[in-house]
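One structure below.
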Amino acid sequence: MIGRLLDGRYQIRSRIARGGMATVYLATDLRLERKVAIKIMHGHLADDSKFKERFVQEARSSARLAHPNVVNVFDQGQDSDMAYLVMEYLPGITLRDLLLEHRILTTEQTLDIMEAVLAGLAAAHKAGIVHRDLKPENVLLADDGRIKIGDFGLARAASANTATGAALLGTIAYLSPELVTRGVADTRSDIYAVGIMMYEMLVGEQPFKGEQPMQIAYQHANDAVPSPSSANHLVPAELDDLVLWSTAREPDDRPRDARVLLDQLYQTHSSLMTALPPTASTAVQRTMVLPTAPATEVLGSTADTQIFGAELQHVAAPAPTQVSENTTTLSTRATKRKSRGWWLLVLIVLLVGGAAGAGWYFGSGPGSQVTIPESIQSTTPEEARAILEDLGLTVSDELGETFDPVVAVDLVANSTPEVGATVPNGSPITLLISRGPQPLAVPAFAGMTEQEARDAIQAVPFTLVEPVIKQFDGEIAAGLVIDVLGFDETTSILGAETYGELQDVHLIVSAGPLPNVGCSTFEQASQTLAGVGLSAERGSEVFNDCPEGTVVGIDLAADSDGNAPTFREGDAATLIISRGPDLVQMPDVVGDNIAAAKRELEEAGFVVTVDTSIQQIFWSFPPAQVTDQDPAGGEMVKRGSEVTIYG
């Protein structure tokens, strides 16, 4: 989006913020030559009619309001498939940013901010609009001291008493009990959110916390908000009363709208701050209620309307001297008033000029503040330079270097000052180019248990890819590390000295030896293997002592490259099936020549032993024929058995 010309009018400069529904960009209105903030709906929501309706509703709701404490919406439109809002640009921070920096605000700061928020909210309530999403993120604190509320994307007519349906809209931490239980919101729901915000500003945390959103919602619906002074003893009792009044569980027990609460806040502020002069931020925001002027009696009239036409004709004319004196007095007073008027006019002109100069100085001049955008990351140095110079910053010709586990080599990874920092307009910036992940020493994983290896990977740090690979190994005890592979899942890093920071590693841990499935049925073997995370499939059949049709074992034959197979959880094991013993008929060699008989039996696959000891007792020369054999000829014996022939 950066650099795009939207609708032929708005030049996108940089990204300001990103939310769940839209992204906000800083842009230049080329027609009016001014900076604006443009809110562009996310592309994947463009086809959702409900989200689009809320987006347009924000423009309509904000356009109905004209108040110094409400963010102005200038335009709304559609460019191609993108719906957008054009709003006034307020350089500064949000109330959430202020709370993250300071955590707890003072009583005076809280009152000043709440007066501005309630003044803007009172204008919305008067216009019949319920905000329904008040939270610190939607309270903008401009650099020039202005305080405004924005984001009317969930706003609805106050008279509609609209139910939200099954899905709760708004941020759960600030939802009123009636929104949680009935899904119904009115002006008093906004008051509840204001009370929660006030509590958070005074205490530094929200009153209700939980690990799950529904836990927080349950507390809103069933528990009373505690007084701020119970967590921060410096909070005065008057502010305790305001918070408890605003956050009452029953809507009827709260102020009916923001104007009622604002009036009470003025009284509380006056009682607490009588010794302090009003601040600039509050002096222009308060609506002062002047005392009623005493009635001037004319001709003894009462408070009722009188008709004086006839009676005035009978009143005696004043004496000439008296008329002259009155005329002189009035003339003198008029002259003095004219003189004072000129001085006031000059003073006003000076003040306006000073304010305009200060606005230019701090808004776009040397005194303005610029945030180094995240959009420069993962760009080329030339692209990053263009983005920063468009923001009014000065980019050094010299490039620095830094290790970065995410940004590719030779692209911009960061800057000095770092990305996200706020610096004065015109500040010098040095771009830092990525050298890739920082090389880190590889731990000695050999012999570690799985948990020890996990701890070592986290401490380096590398990024462990889940799940851990369990591999069967008869030589390494179960639970110990077999190997650690790099991001390519093939190269081992056990022997490497260094490996890149935060890069992926795959941990291989021993699952112990493969189970013994010999001489079991195929079904029994399949169940045994399934118990250790392996599946089974039938393989070749061989002669074996196991009964025919049973499993001889798992096929562990090496592949064509001579590599023995490895088995990991989830793999399939090929089972060798038995054909039973390999039986052959024993040849009958009795009477044959001993040498020929031996040769015949060995060719048949038998192991032959020649025993001539008996005949040599009676004859001194070696026998020439076979006189007997064991096993006897014609018997069925297992191929490869031992055979003894006697001579």
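The values are calculated or read from the model by the stated rules, or taken from the named source; none is laboratory data. The model shown is predicted, which means the values in this text are computed figures rather than measured ones. In this analysis, Cβ positions are derived from the backbone assuming ideal geometry, glycine residues included, and neighbour counts consider all displayed protein chains.
Of all the listed residues (79, 144), the sole one being assigned by TED's automatic domain parsing to the domain that holds residue 18 and touching a residue at least 40 places away in the same chain (Cβ under 8 Å) is 79.
For residue 468, indicate whether it is in contact with a helix residue (DSSP H, G or I) (Cβ under 8 Å, 6 or more places away or on another chain), farther than 30 Å from residue 544 by Cα and free of Cβ contacts under 8 Å to residues at least 40 places away in the same chain. No, not satisfied.
Each row is one residue, and each column tells you yes or no for (1) basic (Lys, Arg); (2) touching a residue at least 12 places away in the same chain (Cβ under 8 Å).
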{"site": "515", "(1), (2)": "no, yes"}
{"site": "533", "(1), (2)": "no, yes"}
{"site": "544", "(1), (2)": "no, yes"}
{"site": "556", "(1), (2)": "no, no"}
{"site": "568", "(1), (2)": "yes, yes"}
{"site": "581", "(1), (2)": "no, yes"}
{"site": "589", "(1), (2)": "no, yes"}
{"site": "594", "(1), (2)": "no, yes"}
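Yes or no: region 450-469 includes at least one residue that is in contact with a strand residue (DSSP E or B) (Cβ under 6 Å, 6 or more places away or on another chain), farther than 30 Å from residue 578 by Cα, aromatic (Phe, Trp, Tyr) and surrounded by fewer than 18 Cβ atoms within 10 Å (Cβ to Cβ). Checking region 450-469: not a single residue is in contact with a strand residue (DSSP E or B) (Cβ under 6 Å, 6 or more places away or on another chain), farther than 30 Å from residue 578 by Cα, aromatic (Phe, Trp, Tyr) and surrounded by fewer than 18 Cβ atoms within 10 Å (Cβ to Cβ). Considering region 86-104 alone, what residues qualify as being in contact (Cβ under 8 Å) with a residue 60 or more places away in the chain and either buried (at least 21 other Cβ atoms within 10 Å of the Cβ) or within 23 Å of residue 13 (Cα to Cα) (or both)? Hits for region 86-104 are 86, 87, 89, 91, 95. Taking the stated definitions as given, is residue 475 among the acidic types (Asp, Glu) and touching a His at 6+ places or on another chain (Cβ under 9 Å)? Judged against the criteria, residue 475 is not a match. In the condition set (1) modelled with pLDDT under 85; (2) surrounded by fewer than 22 Cβ atoms within 10 Å (Cβ to Cβ); (3) assigned by TED's automatic domain parsing to the domain that holds residue 202, residue 151 is compliant with all but (2).
Identify, please: which residue in region 563-585 is among the polar types (S, T, N, Q) and under 18 Å from residue 537 (Cα atoms) and is, among those, surrounded by the most Cβ atoms within 10 Å (Cβ to Cβ)? So, considering only residues that are among the polar types (S, T, N, Q) and under 18 Å from residue 537 (Cα atoms), the one surrounded by the most Cβ atoms within 10 Å (Cβ to Cβ) is 578.
Could you tell me whether region 524-535 includes any residue that is assigned to a strand (DSSP E or B), crowded, with 18+ Cβ neighbours inside 10 Å and of a type outside the set (Val, Ile, Thr)? Checked against the condition, which is being assigned to a strand (DSSP E or B), crowded, with 18+ Cβ neighbours inside 10 Å and of a type outside the set (Val, Ile, Thr), region 524-535 yields no hits at all.
Checking each residue in region 482-521 for being more than 34 Å from the chain's Cα centre (by Cα) and outside any loop (DSSP other than H, G, I, E, B) picks out 482, 510.
Residue count for region 402-451 under the criterion of being among the hydrophobic types (A, V, I, L, M, F, W, C), part of a loop (DSSP other than H, G, I, E, B) and in contact with a helix residue (DSSP H, G or I) (Cβ under 9 Å, 6 or more places away or on another chain): the result is 5.
Considering region 180-211 alone, what residues qualify as being within 27 Å of the chain's Cα centre (by Cα), more than 19 Å from residue 112 (Cβ to Cβ) and either among the β-branched types (Val, Ile, Thr) or not in a helix (DSSP H, G or I) (or both)? Once the filter is applied, which keeps residues that are within 27 Å of the chain's Cα centre (by Cα), more than 19 Å from residue 112 (Cβ to Cβ) and either among the β-branched types (Val, Ile, Thr) or not in a helix (DSSP H, G or I) (or both), region 180-211 yields 180, 183, 205, 206, 207, 208, 209, 210, 211.
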